[in-house]
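One structure is given here, and the rest of the page talks about it.
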There are 4 protein chains.
Amino acid sequence: MIPPIPPKPANLADPAPDFPWPAGKRCAVIPAFDVDAESPWLIMDPKNVDRLVTLSFGGYEARVGVPKILEHLRSIELKATFFTPGWTVENHTKSCESLLKAGHELAHHGYLHKWIDPDDYPTEVDEMDRGIEAHERVLGLRPRGYRPPAATSSERTIELVADRGFLYCSVMLDDVNPNRHVLKDGRPGPVDIPFWWTLDDSMVSLYSLSLPRPIATSQQIYDLWVEEFDAIYDWGATYHLLLHPQIIGRPGRLAMLRRLLEYIQGHSGVWFATCEEVANFWIKKEKGQGAKAKKGARR
Amino acid sequence: MIPPIPPKPANLADPAPDFPWPAGKRCAVIPAFDVDAESPWLIMDPKNVDRLVTLSFGGYEARVGVPKILEHLRSIELKATFFTPGWTVENHTKSCESLLKAGHELAHHGYLHKWIDPDDYPTEVDEMDRGIEAHERVLGLRPRGYRPPAATSSERTIELVADRGFLYCSVMLDDVNPNRHVLKDGRPGPVDIPFWWTLDDSMVSLYSLSLPRPIATSQQIYDLWVEEFDAIYDWGATYHLLLHPQIIGRPGRLAMLRRLLEYIQGHSGVWFATCEEVANFWIKKEKGQGAKAKKGARR
Amino acid sequence: MIPPIPPKPANLADPAPDFPWPAGKRCAVIPAFDVDAESPWLIMDPKNVDRLVTLSFGGYEARVGVPKILEHLRSIELKATFFTPGWTVENHTKSCESLLKAGHELAHHGYLHKWIDPDDYPTEVDEMDRGIEAHERVLGLRPRGYRPPAATSSERTIELVADRGFLYCSVMLDDVNPNRHVLKDGRPGPVDIPFWWTLDDSMVSLYSLSLPRPIATSQQIYDLWVEEFDAIYDWGATYHLLLHPQIIGRPGRLAMLRRLLEYIQGHSGVWFATCEEVANFWIKKEKGQGAKAKKGARR
Amino acid sequence: MIPPIPPKPANLADPAPDFPWPAGKRCAVIPAFDVDAESPWLIMDPKNVDRLVTLSFGGYEARVGVPKILEHLRSIELKATFFTPGWTVENHTKSCESLLKAGHELAHHGYLHKWIDPDDYPTEVDEMDRGIEAHERVLGLRPRGYRPPAATSSERTIELVADRGFLYCSVMLDDVNPNRHVLKDGRPGPVDIPFWWTLDDSMVSLYSLSLPRPIATSQQIYDLWVEEFDAIYDWGATYHLLLHPQIIGRPGRLAMLRRLLEYIQGHSGVWFATCEEVANFWIKKEKGQGAKAKKGARR
C-alpha cells in the first residue's frame, strides 16, 4: 500500500520577496565557512576517538587551514561568517579568537556536529543549548545565526531556532534569496539564508576511504563556481559559498578560491556581506516595504 | 546452480519502424520534465515527513524552478511535456495550473512517485488510479501519457497502461525511436516513447548526502548533451530530454539548458514536439504505412 | 590475528615474452565486445525477470546496438571478437548469426553471465558447459576462446579452461601482452590475452539506479582511450578494447568509437586482429622462438 | 543524547616549524610508492586467495609495474621511497632487491596490509613486527620509516612506532610540512612526513567491481597534480606523491607521471628527496634551530 503520508507542503513561507539589494548592488556574495574541525569525524563513529589519522583530517583546520584562510581574507579585505560547533570553540579556542579579532562573524553550528534525528528531539535541544553555552562561556558572544549540521532537521527545528532568539538561520534549499520562515502557528519565524550543494566544497572535494568520492580538479571546481556565479549575477540572487577550512584550506584549493574571488571582485555591483549583514539588511527592507513585497512577489 | 530463469525476451515488440518525421524534419526533440516536487523525498523514507531540509529539495520546484522554466520556455516559444505525480497535482495545484495555462502537456507520473515493486501489484494499481483521479478531480484533465517513477516496472505494467486507455507511455530503454508495445496476448499495446540515462539530468546533477554523486560542471553536461544531439541528429532519431525542475531549475543549470536549446534551434530540420504530439504523429504514420513499415524495418 | 594466508603468487606464469608483432607492426589492437544482452540483469536479481524496464537495458543490443556496430565495422573493414553468453545465443540467435555472417569471431562468455563463486565449482562447470553446448547446438560452432563474466574466477578456472580445450582465454589483469598460463602441475595452459579496466566501456559509461556511477562525456572517454593508445603504441603492447553493445552502441558513444578507430587507423604499424588471430600468432612465435624468449624476457 | 566524547585534540604536536629547505631550495618533492602487490586484495576477503583475477590486479606490480617504474626513475636520475609490506618482501623478493640495487629506499608498510583496528592492538603489533622481521630476514635491512596501511591507526600507533625505533613515519593528514610527534607522556616521538589524498593515485585511478570509482583521464590527474604542485611550490611546502605501481604503472598513467616529473624538474629550487633524506634534514635543522623555530612558527 501507499503509506499514509499527510499532504504537507515542505515550507509554509511565501517565496522570497523581490527586495532590491543595497544601492548600486545587483547580487549578494556571502563567503561562509563551517569550522567543523575534528567534530564530524568524532561523532561519525565513537571508535574514531582512537583513530589519530582520521581525526587529523579535521586537525588540519587549526594547524594550517584557518590561518591560511585568515591571511587570504585579510589580504583582499573581506569579512566572512564562520559557523562553528561548540566543540571547536572549546578545543580550538585560539583559532576561534583569531577569527573574532580579525572582525569575522561567528555563528552557531551545533555542539558536536551531530546530525539532527527527527525522532530524538532531546538531543537536538542539547546540541543547540550546549553550542550556545560554549560560545557564551568561552568566547563571550551570543551567536546571531544558526546552521544545522549536514543539512539535517526535524519538524521542530525552526521553532527551536525561533525560541532561542536567533536573528537568522541557514537551513533551506528551496530558494535563491533570503526569506522569512512562518512558524506553525502562523507567527513570523527567523530569516532564512538558503544555500545549495553546488557551492558547498564538501560535495566536490571531500573524500575519505569511507566516502570514495571522485576528486575534482581545482579547475573543474572553479568552472562550476564561475558558471553558478554568472547565472546568479544575472538573476540578481544570492551567491552563498559554503566552505570548510579542512577542504578549501589545502594548497591547490585555496589558490583556486583566490582566483574565484578575484573573478567575482572584477564585477561591478557585487555586495560582499556576512550572513548577519544580509539578514539585517533584509529585515530593514521588510520593515520598509514588507506588506507590498509579500503580495507582489513576481516569481 | 544456475537459477532456472525462463528464456524470456524483454520486449515482444519489433524494433521501431523507420517512419519518416514530418515533412522537412530529420529528428525529433522532446523537452520533458518530471515535476516530482517533494514526492520522491517523502516516499524514500517515512521520517522525511519531518525533515524540513530534505523536503526543501523538492520545494524548490514550486517556489523557483517551475516559474523560471516557464518563463524560459515562453521566451523561446517551446511547448513541453510535464510528467506529474498526483501528489504534486494536489499539493502544488497553482504551479500545475500555470503549466496548463501556458499550453504545456501534463502527463501521469504515479501518485507518490513510489517505485513499482514486481511483487506488489495492488500498490502499483493504487498509484496508477490515485494519480489519474488527482489529475481528473483537481485539474479536470485525463492524462494521455504515463511514465513510471524511476524507471521501475513489473510484468503487468504495460497491460495496466493499456487497460487504463493511455495513448502512449515512456517506459523502455531499448530503442531510439517510438514503437508500439505488444501485449502478452498479442494485441497492440500503447505507443512507447523510449528514453535513456544520458539525457536525464538526475544522472548528472542530482546529489544529496545519501547519494553523494559527483557534481558535474554545467559545461560537462552541455558537452554530453551536445555530443548526444549531434549523433541523434545524424541518425535521424529521437532526442528525449528527461529533466526535473528541482535539478535543471537551478541558476547555473538553467543557463546551460538555454545554451543547449539555442544550439539545437540553430539546426535545420529539428521537430520540437511534446510526447503527445510525437505519439499522435506516429500513430498517423502507422495507420498510413504500418503494414509496409513493420516488414521493412531496416535496422 | 593476521589470518593464516599461504604465501601464494597470483600467477605461476612468467611475464609475457617479448615476441615481435607481425612484420611491420609495432602494436596490436583488438576490438572485442561482450554481447551480454539481458543476461547480467537477469542473473543480478531473480525479480528482474519481471522488471521490463531493467531488462530493456540489455534489450537494446539486439534491437539497435548490434546492428549499428555491425554496420560500422563493415564500413571500416574491421573484424572483431564477440564474447557471447549461451543465453544470448539461445535468445538472440538471429543477432548472433548476423555476427558470424559478417565474418566476426564468436567466443565463450558463460551461460547466464553468472559471476564465478570460488566456493561453488559445480555452478562454474555448469555455466561453462551450458555455454559451450548452446554455441554448438544453436550456432554449430565450438568457441576457441573464453572470457569469464565480470572478471570473476576461482582457483580452478584455468584448469577448467584447459580441460575444455580452449585455444586462449582472456582472464588476467597482470600483463600488457599475451602469455601462456602454467597449470598447477606445471604443464602449459591456455594462452591468456589480458585486459584492463581503462579500456572497458562499462567502467566509464554503465550506470543504473543501483549503480549511480557518474556519466562521462564521450570526449572524456575519447581522451582516456587515446592517452592509453599513445602509451601502448609507444610500449609496443596490446590495446584490448573491451566493449558492450548496450553501452557503446548508444548514438553519442558510437560516434566517439568511430572517431577513436579513425585516430588509431591513422597510425602506421598497427595490427588490428581478433583474439583468435592474436592467440594463433603468439603460438606460432612461441613454437619458433619459445625457448629463447622465455629466458630473455627483457622487462 | 550526545555521546560523552572527551575533548581531545587530535594531535599533541605543534604545527610544523618553519624550517628552511636546503640552500637554494624552496620546496621538497618526495616520490613515494606503496608496493602493496597482492596483499590488499588477499586481506580484503579471505576468499580472494582463490580469485586469480582479483589477485592479478596486484600481480601486475612485479611483472610489469615495478620494472617500468625503475626504468623511468633511472632515466631521470631520481631516487624514491618504496613502502613495502612484509608479504611483498617475502613473495616478490627479486622485485624488492631490484629496488635496493637501484639505490632506492625501502620502508615499512605493514605485513599483509591489514587495516589497523583500534580495538585489536595485538594484531597491530603483529603486523608491525612481522613486517620488520621480513625486511631483516629476507633483505637484510632494518626499515627507517613506517607508513600504516590505508591511513588507518589506533591510539597507540605513534607509541609503537617510537618504541620500534623508527626515524620517521608518514601517518598524519594535518600539516603540509614535516613535524615531530609528541608522545602521550610528553617525550618527543618520531618525525612525521604528512601526506594528503589529492596526491594519492588510488583516489583518482583505483577501481574494481567492488569499488566502482569513476576513471579519470590521465590529463585530469595531471591537471590536479600540477595545480597542487604550483600551490605547494608557492607555499614552500612538501609535495609528497603517494603512488602504487599497480595503478601508476599502467601505460597511460606512467606516460602522465613522466610528463608531471618533467614539469616539476623544469622549476628551479625543487629539492627531490626520499622520505629518509627529508627526515634526516629536518632533524639536523631541529638540532640547530629547534628551540627558536618552535616558538616562531609563522603560520
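The values are calculated or read from the model by the stated rules, or taken from the named source; none is laboratory data. Note that the structure is predicted; figures quoted are calculated from it, not measured. Here the Cβ is made from the backbone with ideal geometry for all residues, glycine too, and neighbour counts use every protein chain on show.
Residues that are under 23 Å from B:Ala150 (Cα atoms), of a type in the set (D, E, K, R) and surrounded by 19 or more Cβ atoms within 10 Å (Cβ to Cβ) within the range B:48-98 comprise B:Arg51, B:Glu61, listed in sequence order. When D:Pro67 is tested against (1) under 24 Å from D:Thr152 (Cβ atoms); (2) within 14 Å of chain C (Cβ to nearest Cβ), just one condition goes unmet, and that condition is (1). Filtered by the rule that a residue be in a loop (DSSP other than H, G, I, E, B), acidic (Asp, Glu) and within 14 Å of chain A (Cβ to nearest Cβ), the range B:1-56 gives B:Asp36, B:Glu38, B:Asp45.
The set of residues from the range C:80-117 being over 25 Å from B:Ala13 (Cα atoms), touching a strand residue (DSSP E or B) at 6+ places or on another chain (Cβ under 7 Å) and touching a residue at least 60 places away in the same chain (Cβ under 8 Å) comprises C:Ala80, C:Thr81, C:Phe83, C:His104, C:Glu105, C:Ala107, C:His109.
Residue-by-condition table, conditions (1) buried (at least 19 other Cβ atoms within 10 Å of the Cβ); (2) more than 12 Å from chain C (Cβ to nearest Cβ); (3) farther than 22 Å from C:Ile215 by Cα:
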{"site": "B:Leu167", "(1), (2), (3)": "no, yes, yes"}
{"site": "B:Val171", "(1), (2), (3)": "yes, no, no"}
{"site": "B:Asn179", "(1), (2), (3)": "yes, no, yes"}
{"site": "B:Trp197", "(1), (2), (3)": "yes, no, no"}
{"site": "B:Asp200", "(1), (2), (3)": "yes, no, no"}
{"site": "B:Met203", "(1), (2), (3)": "yes, no, no"}
{"site": "B:Ile215", "(1), (2), (3)": "yes, no, no"}
{"site": "B:Leu224", "(1), (2), (3)": "yes, no, no"}
{"site": "B:Leu242", "(1), (2), (3)": "yes, yes, no"}
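Residue-by-condition table, conditions (1) in contact with a Leu (Cβ under 9 Å, 6 or more places away or on another chain); (2) closer than 24 Å to D:Lys79 by Cβ:
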{"residue": "D:His108", "(1), (2)": "no, yes"}
{"residue": "D:Ile116", "(1), (2)": "no, no"}
{"residue": "D:Glu124", "(1), (2)": "yes, no"}
{"residue": "D:Glu136", "(1), (2)": "no, yes"}
{"residue": "D:Gly145", "(1), (2)": "yes, yes"}
{"residue": "D:Pro148", "(1), (2)": "no, yes"}
{"residue": "D:Ala151", "(1), (2)": "yes, no"}
{"residue": "D:Val161", "(1), (2)": "no, yes"}
{"residue": "D:Tyr168", "(1), (2)": "no, yes"}
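Report, by residue number, each residue of the range D:156-169 that is part of a loop (DSSP other than H, G, I, E, B) and farther than 20 Å from A:Glu38 by Cβ. Hits for the range D:156-169 are D:Arg164, D:Gly165, D:Phe166, D:Leu167. Filtered by the rule that a residue be among the small types (Gly, Ala, Ser) and out of contact with any helix residue (DSSP H, G or I) (no Cβ under 6 Å at 6 or more places or on another chain), the range C:99-126 gives C:Gly103, C:Ala107.
Within the range D:135-155, restricting attention to residues that are in contact (Cβ under 8 Å) with a residue 12 or more places away in the chain and assigned to a helix (DSSP H, G or I), which residue is nearest to D:Ser39 (Cα to Cα)?
Here is the first cut: in the range D:135-155, the residues in contact (Cβ under 8 Å) with a residue 12 or more places away in the chain are D:135, D:138-139, D:141, D:143-155.
After this cut, where a residue has to be assigned to a helix (DSSP H, G or I) as well, the list is D:135, D:138-139, D:149-151.
Numbers: D:His135: 15, D:Val138: 17, D:Leu139: 18, D:Pro149: 10, D:Ala150: 12, D:Ala151: 16 Å.
Once the filter is applied, the top-ranked residue is D:Pro149.
Is it the case that B:Gly290 is modelled with pLDDT of 95 or more, out of contact with any Pro (no Cβ under 6 Å at 6 or more places or on another chain) and within 27 Å of B:Arg144 (Cα to Cα)?
No.
Of all residues in the range C:244-272, exactly one satisfies the criterion of being without any contact (Cβ under 8 Å) to a residue 24 or more places away in the chain and within 14 Å of chain B (Cβ to nearest Cβ), namely C:Pro251.
Here's the yes/no breakdown for (1) within 13 Å of chain D (Cβ to nearest Cβ); (2) aliphatic (A, V, I, L, M); (3) closer than 22 Å to D:Arg51 by Cβ; (4) within 18 Å of the chain's Cα centre (by Cα):
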position: C:Glu97; (1), (2), (3), (4): no, no, no, no
position: C:Gly103; (1), (2), (3), (4): no, no, no, yes
position: C:His108; (1), (2), (3), (4): no, no, yes, yes
position: C:Arg142; (1), (2), (3), (4): no, no, no, yes
position: C:Thr152; (1), (2), (3), (4): yes, no, yes, yes
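Among residues of the range B:24-47 being of a type outside the set (A, V, I, L, M, F, W, C) and surrounded by 21 or more Cβ atoms within 10 Å (Cβ to Cβ), the one that is nearest to B:Leu241 (Cα to Cα) is B:Pro31.
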